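Please read the structure below before turning to the comments.
The values are calculated or read from the model by the stated rules, or taken from the named source; none is laboratory data. Fair warning: this is a prediction, and the values are worked out from it, not measured in the lab. As a convention, Cβ positions derive from the backbone with ideal geometry for all residues, glycine included, and neighbour counts pool all protein chains shown. Accessible surface areas use protein heavy atoms only, side chains included; no ligands, DNA or RNA. Shrake-Rupley method; radii C 1.70, N 1.55, O 1.52, S 1.80 Å.
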Amino acid sequence: MYASREDIGYDFGDDSKVGSKPIKPNPNIDGGWAWMIVLSSFLVHILIMGSQMALGILNVEWLEEFNQSRGLTAWVSSLSMGITLIVGPFIGLFISMCGCRKTAIIGGILNALGWILSAYASNVHYLFLTFGVTAGVGSGMVYLPAVVMVGQYFQKRRALAQGLSTTGTGFGAFLMTALLKYLCIEFGWRNAMFIQGAISLNLCVCGALMRPLAPKDVVSEKYIVRSNSEENQAKVLSHSAETIKSNGVLSEEPEKKEETANEEVLDSVQHIEIGGKSRSGRNMYGLRILKTVSQLTVTVRKGFAMWYSSYFGAASLFTNRVFVAFIIWALFAYSSFVIPFIHLPEIVKQYNLSSQNNIFPLTSIIAIVHIFGKVILGIISDLPCISTWNVFLMANFTLVTCILTLPLMQTYVSLAVVCALIGFSSGYFSLMPVVTEDLVGTKHLANAYGIIICANGISALFGPPFAGWIYDITHKYDFSFYISGLLYMVGIIFLLIQPCIQKKQSREKSTEEAQV
């Protein structure tokens, strides 16, 4: 049902070249500087996702400071977490124009600015703008490049690399919770946010570590030799990639012509600049500005053309039906992971298990096992005889089963077992970039994964409030888990149906071509 990532072209170019031109591999692919990229992404997950997991500490301080309703105050954290993911498609535009390194550095500055400005908040609505929007957008500008760069630097051990980098979320949840709690006690929440803003400037350092690969190294991905053990698998997702290719992904001929024309303009400006050395310094300064503006215009036009084509052109990613099913799945999946974090404390109180939960909180069990789940699932997915897609689906089935059965557990031990399974199975988050890259290729990973995390952001933004609304109506959390679990199951069904349809269409097309 699934074609391995080696079977799926990393570039939607001529796949006939795959395996026919072996080249000397770059030492930084799957090694060397690639592990610095993993370290950079790991620190990004600590500083961004870890901090967002610890916002409950600040939420208590905001409730006491501003005396607003719990629902209104909770929107500050929801906005920050949601916007971090929702802005993904637009961050893809920045990456297309500026690259991952510059985008991450700008995002680090913006995130730190949001934390620092929030220290001077006079009301909750002020926090909506400074922390929810400003810090949220900055977080998104760092988070997406951190994921994309790991995908670019790793081929053979991509799932393991993503798993190691994303474990920063779990470590960050522990570290940032302890740090923010200490800072709030010692210095107050305002100074704590100011100090956290200074710490967030380290995101700029993480961005600086995101050294881009040379163009020849990126292009050379299409010449990776396929492993013989995987050539017997079905070509379903490969056919999905071909769907985009057949619709004309960024036609190379017009692009080359445009680049040639742009180069001629720049050469003419340079020629005028050289010929004008005898002129006044003012004219030379003007020519240099003109040349800089021309280069910037070329970069922006090229980046915007690639971004626009991916979303709205004939080569739209939405022509890939399996990818569309993946988006539908993402709309329902993330809330099923967030809801237990939000509502488990209340469930524990209802079952009179607070004393046991205080010794070892159920949410901590999820967080700890989640770390190991990401690494172990990444290692399993990288095995040559294992399909990443199948591991991804099995983890999803396990998680949705746990969500549906959790309300039935009424003892601490049974809840702890279910929470451990939730933490382990939710480790599939580290496989999401790998599956996305298999569907669309490395060239379109930034834009495609931006769409996926945008869908996750919508789920994270509206999922917990929806669960709270269900509780207000029924006065039980059971229905919140049942409804979110059923919606999650619908998303999984879409993932199962679309590859089958693609496989059937591929067979029918092959039959028609054979008859002709």
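Side notes on the structure shown:
- Evaluation of residue 92 against (1) within 18 Å of the chain's Cα centre (by Cα); (2) of a type outside the set (D, E, K, R); (3) more than 20 Å from residue 446 (Cβ to Cβ) (one fails), failing number: (3)
- Scanning segment 155-177 for residues that are surrounded by 24 or more Cβ atoms within 10 Å (Cβ to Cβ) and closer than 23 Å to residue 443 by Cα yields a count of 7.
- Single condition residue 196 does not satisfy, out of (1) surrounded by fewer than 21 Cβ atoms within 10 Å (Cβ to Cβ); (2) at pLDDT 85 or above; (3) not hydrophobic (A, V, I, L, M, F, W, C): (1)
- Within segment 120-140, the set of residues being touching a residue at least 40 places away in the same chain (Cβ under 8 Å) and open to solvent by 10 Å² or more (accessible area, probe 1.4 Å) comprises 120, 123, 128, 133, 137.
- Just one of the listed residues (377, 296) is at negative phi and modelled with pLDDT of 80 or more, and it is 377.
- On inspection, residue 431 passes the criterion of being assigned to a helix (DSSP H, G or I), crowded, with 24+ Cβ neighbours inside 10 Å, in contact (Cβ under 8 Å) with a residue 40 or more places away in the chain and of a type outside the set (Ser, Thr, Tyr).
- Among the candidates 460, 446, the residue that is part of a helix (DSSP H, G or I), farther than 30 Å from residue 213 by Cβ and outside the structural domain of residue 156 (by the TED database) is uniquely 460.
- When residue 423 is tested against (1) surrounded by fewer than 24 Cβ atoms within 10 Å (Cβ to Cβ); (2) without any contact (Cβ under 8 Å) to a residue 60 or more places away in the chain; (3) not aromatic (Phe, Trp, Tyr), only condition (1) is not met.
- Where a residue in segment 66-85 is over 30 Å from residue 103 (Cβ atoms) and its partner, wherever it lies, is among the hydrophobic types (A, V, I, L, M, F, W, C) and modelled with pLDDT under 85, with Cβ under 7 Å and at least six apart: 70/63; 73/63
- Scanning segment 141-153 for residues that are in the same structural domain as residue 206 (by the TED database), more than 17 Å from the chain's Cα centre (by Cα) and touching a residue at least 24 places away in the same chain (Cβ under 8 Å) turns up nothing.
- Candidate set from segment 75-99 (those that are farther than 26 Å from residue 60 by Cβ and in contact with a Leu (Cβ under 8 Å, 6 or more places away or on another chain)); member that is most open to solvent (accessible area, probe 1.4 Å): 95
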